[in-house]
Amino acid sequence: MLASLLCSLGGGVLTVLGFSRLDLIAARFIRLPAIISCAVGAGVTVWFWRRSGLIVAPPTSRAALASLSCAAAAAVIVMLQPLAARTRSTALIRVPAILGGVCGMVAACLFARPLASVHSTGVLMALAVIGQCLGAMLLGSVTVAWLLGHAYLTATKMTITPLQSLVRWFALSVGLRGVYFVVCVTLFSTGALPGFDGPFFERIMGDWLVLSLRVAVGLLAVGVFAYMVSDCVRLRSTQSATGILYFASVFVYIGELSSQFLATEFLLPL
């Protein structure tokens, strides 16, 4: 559960960084998201191999390898950043960021409970992959956004355009995550997914506290924050936007952790 969340975070951060306006971002800022992704990917890999040993069965062995690849790509970004700044080549950052982001999301999917279960169906596995990717997009966008917002405190001449782009990523991620939740609940409650017999709401209300966190904190409150930060960016208030993003990131982390817990219990990250 935690390994999947951390891999989603690392992969999401790199993916969002790879699609950001790198040409308009202060060069020294680019290393910080990469360092975070490197630490997360390497930490998950070391923790997993210390716990399980070097010889483990797939798909978890492939998940650890994908997590390590994510960390390696992030390390490449850190090393290439000075050269990219001198040559003004965004491709030196963009290519390893996107590749590392894909590796991180692959690791998150392979670590996820639905994909490791022998009871998973093709539809369930497809929904689980979509859920992990949307979660990574949400985690990555809010994390990179608040990190960039903090950079405006020192890089006072940096244009607001990169932050506006990241906030749009964040708002889009929140909207897609909400739609995904509604679709999954509908499929569960109507019995459209094979292998999920019995009253859905009776089963899921057994973990009503986690479900409340998922809905109230991870979706509704985050949606309010997305609206507020979009308004702040529209008014070109970077400090206010950064403060809201700080709180939003905590709510996103709690919401996605509760999603991973529900995935462990119900084989689907709501």
Original post:
Does Val123 qualify as being modelled with pLDDT under 90 and of a type in the set (Val, Ile, Thr)?
Top reply: yes
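Condition first: closer than 14 Å to Gly10 by Cβ and in the same structural domain as Arg234 (by TED's automatic domain parsing). Can you find one or more residues in segment 147-161 that meet it? Reasoning before the result, please.
Looking only at segment 147-161, we keep the residues that are closer than 14 Å to Gly10 by Cβ, and these are 147.
When the remaining residues are screened for being in the same structural domain as Arg234 (by TED's automatic domain parsing), the result is 147.
There is at least one residue in segment 147-161 that is closer than 14 Å to Gly10 by Cβ and in the same structural domain as Arg234 (by TED's automatic domain parsing).
Checking the structure you have, find out if any residue of segment 133-143 is farther than 30 Å from Leu213 by Cβ and out of contact with any Cys (no Cβ under 9 Å at 6 or more places or on another chain). Don't jump to the end; show me each part of the working.
Taking segment 133-143 and keeping what is farther than 30 Å from Leu213 by Cβ, we get none.
Within segment 133-143 (the criterion being farther than 30 Å from Leu213 by Cβ and out of contact with any Cys (no Cβ under 9 Å at 6 or more places or on another chain)), the answer is no, since none of the residues qualifies.
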Original post:
So which of Leu32, Leu22, Leu2 ends up being closer than 30 Å to Leu262 by Cβ and among the hydrophobic types (A, V, I, L, M, F, W, C)?
Top reply: Leu2
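Do the conditions hold for Arg86, that is, is it assigned to a helix (DSSP H, G or I), under 25 Å from Pro162 (Cβ atoms) and without any contact (Cβ under 8 Å) to a residue 12 or more places away in the chain? Spell out the reasoning first.
Values: assigned to a helix (DSSP H, G or I): yes; under 25 Å from Pro162 (Cβ atoms): yes; without any contact (Cβ under 8 Å) to a residue 12 or more places away in the chain: yes.
Considered against the rule, which asks whether it is assigned to a helix (DSSP H, G or I), under 25 Å from Pro162 (Cβ atoms) and without any contact (Cβ under 8 Å) to a residue 12 or more places away in the chain, Arg86 comes out as yes.
Just to be sure, is Val185 modelled with pLDDT under 85 and either in contact with a Phe, Trp or Tyr (Cβ under 9 Å, 6 or more places away or on another chain) or in a helix (DSSP H, G or I) (or both)?
Details: modelled with pLDDT under 85: yes; either in contact with a Phe, Trp or Tyr (Cβ under 9 Å, 6 or more places away or on another chain) or in a helix (DSSP H, G or I) (or both): yes.
When the stated conditions are applied, Val185 passes them.
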**OP:** Within segment 49-71, track down each residue that is of a type in the set (A, V, I, L, M, F, W, C) and either exposed (fewer than 15 other Cβ atoms within 10 Å of the Cβ) or at pLDDT below 80 (or both).
**Re:** Trp49, Leu54, Ile55, Val56, Ala57
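The values are calculated or read from the model by the stated rules, or taken from the named source; none is laboratory data. Everything quoted here is computed from the prediction, not taken from an experiment. Methodologically, a virtual Cβ is constructed for each residue, glycine included, from the backbone with ideal geometry; neighbour enumeration extends over all protein chains shown.
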